[in-house]
Amino acid sequence: MTAPLTDDAVGKTVVDVEGKELGIVAKVENDRAYVDPDPSLAEQTLASVGWEGEDDEDYVVTEDMLRRVDNEVVLRGEL
């Protein structure tokens, strides 16, 4: 069981099991993280201070897809 997704994940880097960066968490809502795969510098800055937002290119990550959440969000290898 991983840590639940909370607003604390906003601004964290999302990586796969091998450590490849996949984007940043732009928003967390209803146990889902909205991940921006190609954030601009402005989007990274806003996310790091907790200003949430999502756009059309974001993809959704659910808690069952997570390996762990600590200083970054790590996805499981067997998605």
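The values are calculated or read from the model by the stated rules, or taken from the named source; none is laboratory data. This structure is a prediction, so every number in the text was calculated from the model and none was measured. Methodologically, a virtual Cβ is constructed for each residue, glycine included, from the backbone with ideal geometry; neighbour enumeration extends over all protein chains shown.
Things to note:
- Every residue from region 1-18 that is closer than 15 Å to residue 69 by Cβ and not aliphatic (A, V, I, L, M): 2, 4, 6, 7, 8, 11, 12, 13, 16
- Of the listed requirements (1) modelled with pLDDT under 80; (2) of a type in the set (Ser, Thr, Tyr); (3) surrounded by fewer than 12 Cβ atoms within 10 Å (Cβ to Cβ), residue 62 misses just one: (1).
- Taken over region 1-33, residues that are more than 12 Å from residue 58 (Cβ to Cβ), among the small types (Gly, Ala, Ser) and in contact (Cβ under 8 Å) with a residue 40 or more places away in the chain amount to 2.
- Some residue of region 13-21 being part of a loop (DSSP other than H, G, I, E, B), under 12 Å from the mean Cα position of the chain (by Cα) and modelled with pLDDT under 90: no
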